[in-house]
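Take a look at the structure below.
The values are calculated or read from the model by the stated rules, or taken from the named source; none is laboratory data. Please read all numbers here as calculations on a predicted model, not as lab measurements. Positions of Cβ are generated from backbone atoms using ideal geometry, with glycine treated the same way; all protein chains shown enter the neighbour counts. Accessible surface is based on the protein model in full, side chains and every heavy atom, while ligands, DNA and RNA are left aside. Shrake-Rupley method; radii C 1.70, N 1.55, O 1.52, S 1.80 Å.
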Amino acid sequence: MRRFAAVAIREIVERRFVLLAAAGASLIPLLVPLLPGVPGDGSSATGISALMISCAFGLGGALLVGASVVGRELGEKRLSFHFARPLPSAVIWGGKLVGGLALVLLAQAVVVLPALALKLGPRGLWEGLLDLRVVAALHLLVVPLFLLSWVGSVALRSRSPWLAVDFVLLAAFPAILYALGRRLLLYGQVPSPTNALVGAGVFLATLIAATFAQVAAGRTDARRGHGAQSLVLWGALGAAVLALSVWVERRVDPGFRSFVTAVTSPAGSNGDWVLLEGTPKVRDDYRMARYLVDLRTGRSLLLPVSFGHVVSGDGSRATWIGSSSPFDKGPRRTVLDLSTGDSSEYPTGSMEFELALSADGRRLASLSIDGVCEVTDLESGRLLASVKVPGIELWFTRVAFETADVVRIEPIIRRPAEAIERQAVPPLPPVPALFLLDVPSRKVAPAAMAVTPSPRIQRVFGSAGRWRAFVRRSEDRYRLHLLDLSSGSVLASFGEPDARSGSAPRGGPLADGRAWVLSPSAAGGHLSLISPDGALVREVRLPARSGMWDVGFEVAPGVLPVSIPAWVRNARPRCLLVDLNTGETREAGPLRAVESHSLAIAAPPPGSPVTRLFAEAETGRLVLFDPATAAQTPLTRGRPAGK
């Protein structure tokens, strides 16, 4: 220990001029308040000056001292003095490392000592600037700079063939790290502070090991020391980057079957494809991974950070809006051929787009926030139509293909008043509930009457000449109205005007043109079957349950799953299968159905895989449920019961 301390003290004494220079520089922050134009009492200016000069001394000292502590002595053949004592390699290396770092850190401390002596302290130095932990981190950056300067000085002074390897790998490793970081960000997996600290620790440990190998193996031979240093440095970094690559890939693409928590939404009109988002851990800094999954075949497609996911009815193409790089200036629209894997990207001018694919996947329709609807032929890349839809700039919208030549555009609800005021748009006249774009003629025309006042349109359904919609108006938001959009007449109304039930009714279409309405109440509520003309056909009472029920898609023609929502606490998980054709109800077990009142325009066909997708209430595991046999096929792992 005495010999170790002697080596360390010798390093400090030999370069004591650094401390003298720091002592002189420490007086500069005290003179700053005397300069003209410095506001207030000058405490903040003194703190800023002390911090800047301290960091400058740390940077310069780390580079100069780190380069000379071993590299200069090797070049001047003075390192043999320590080995002639004789001293063990570990003592020489440790003494020089500790002595050099202590000198640099001490110089930084000397710069701020006068400011601290005048009781400016942490409050005067850092208040309004940086957290004290951040300031400490800035000062500790001298440690890797010192080690890098040591390694670089030895490499340059050795003039060995290893230099060529150093230069190649010095360019390759940052490129690999950039590619791995880009992949993480592209798929929304932002590293946590803990991940960054682990990476910094591995890097520092590698540098320390490399400097030790240089002194222990090389001793007074510069070339041999450089070879040992490079072997340890690049070997350890190579192993670390390999482990990092495996970690990045497992984090970006954990596989949807490993999901513990997951959410889903339909992604195609045929009921096969679903957007599956989830994470393989219950509590973690993990960001959700996204997959497009074909429930019929089990095929999955990993997605970057994106939105607006759509799969064509025949499953030939998929499209979404995202970016090809975290540094893109704007979003890009991606179209993927699911049969070949070929993709095409198109820049878009707005983050808010609605997308739709024709049933055969050959045409793409997009609707921008400005109300411009474009239809593109994906086979040739030709723009078939670009039409401004009048009056929908301040509406949230949906878009879909009725046929290959007809695009359906639905305004859903007016944007918030703040958005209208921000865009300085004058009050607009009522907007029709539905527009149809004829692609060959490039003309758009309203296909239904305007709904007033200020409606929230839940779902438009039907066909040409008989469009209907479930609407909730702002003045009686606890009531639900079934409207005939051709004439504007109200076919039926549901709910209580005084909202004594506490929840508003919800409704949706059935595949055969009829509709369902859920009217919840403290007594359990009821599920009603409504004919196309608005008449009540059948009413099925639901068991007593305070709170709302969730209604899923048709698992069979006229059969709807009704389940207790996840947010209802202290309730026994249960799911009912309600046959609206007969009025019969049977238990399906402790499951939760995927809700059917999503923003998708077309509900999946009854009995298709998406309609049979359920979540186990206890574990959150996704399963494909067979309503005929009650058999369950697990899709994701889920969490252990009770967790």
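General remarks:
- All conditions in (1) surrounded by fewer than 21 Cβ atoms within 10 Å (Cβ to Cβ); (2) among the acidic types (Asp, Glu); (3) over 25 Å from Gly381 (Cα atoms) hold for Asp272, with the sole exception of (1).
- Residue, most open to solvent (accessible area, probe 1.4 Å), within the range 311-361, restricted to residues that are among the charged types (D, E, K, R) and at pLDDT below 90: Lys329
- Pairs, first assigned to a helix (DSSP H, G or I) in the range 227-249, second open to solvent by 40 Å² or more (accessible area, probe 1.4 Å), C-beta under 6 Å, six or more apart: Gly227/Trp162; Ala228/Ala217; Ser230/Trp162; Val232/Ala209; Trp234/Leu169; Ala240/Val202; Val241/Ile176
- Selection from the range 395-414 of residues that are surrounded by 20 or more Cβ atoms within 10 Å (Cβ to Cβ) and either farther than 20 Å from Ala469 by Cα or of a type in the set (Ser, Thr, Tyr) (or both): Thr397
- Candidate set: the range 565-584, residues that are open to solvent by 10 Å² or more (accessible area, probe 1.4 Å) and at pLDDT 75 or above; chosen: the one nearest to Asp272 (Cα to Cα): Asp579
Rundown of residues vs (1) assigned to a strand (DSSP E or B); (2) modelled with pLDDT under 90; (3) open to solvent by 40 Å² or more (accessible area, probe 1.4 Å), yes/no style:
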site	(1), (2), (3)
Arg586	yes, no, yes
His597	no, yes, yes
Ala602	no, yes, yes
Pro606	no, no, yes
Val610	no, no, no
Gly620	no, yes, no
Val623	yes, no, no
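Yes or no, residue by residue, for (1) outside any strand (DSSP E or B); (2) among the β-branched types (Val, Ile, Thr); (3) under 20 Å from Ala445 (Cα atoms):
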residue	(1), (2), (3)
Gly341	yes, no, no
Tyr346	no, no, no
Glu354	no, no, yes
Asp360	yes, no, no
Ser366	no, no, yes
Asp370	yes, no, yes
Ser380	yes, no, no
Ser386	no, no, yes
Glu393	yes, no, yes
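- Counted residues, the range 186-199 - those being in a helix (DSSP H, G or I), surrounded by fewer than 13 Cβ atoms within 10 Å (Cβ to Cβ) and touching a residue at least 24 places away in the same chain (Cβ under 8 Å): 1
- Summed over the range 415-443, residues that are open to solvent by 60 Å² or more (accessible area, probe 1.4 Å), in a loop (DSSP other than H, G, I, E, B) and either at pLDDT below 90 or under 25 Å from Gly488 (Cα atoms) (or both) total 7.
- Scope the range 362-384; condition among the hydrophobic types (A, V, I, L, M, F, W, C), open to solvent by 10 Å² or more (accessible area, probe 1.4 Å) and in contact (Cβ under 8 Å) with a residue 40 or more places away in the chain; matching residues: Leu378, Leu384
- Counted residues, the range 489-500 - those being open to solvent by less than 40 Å² (accessible area, probe 1.4 Å) and modelled with pLDDT under 85: 2
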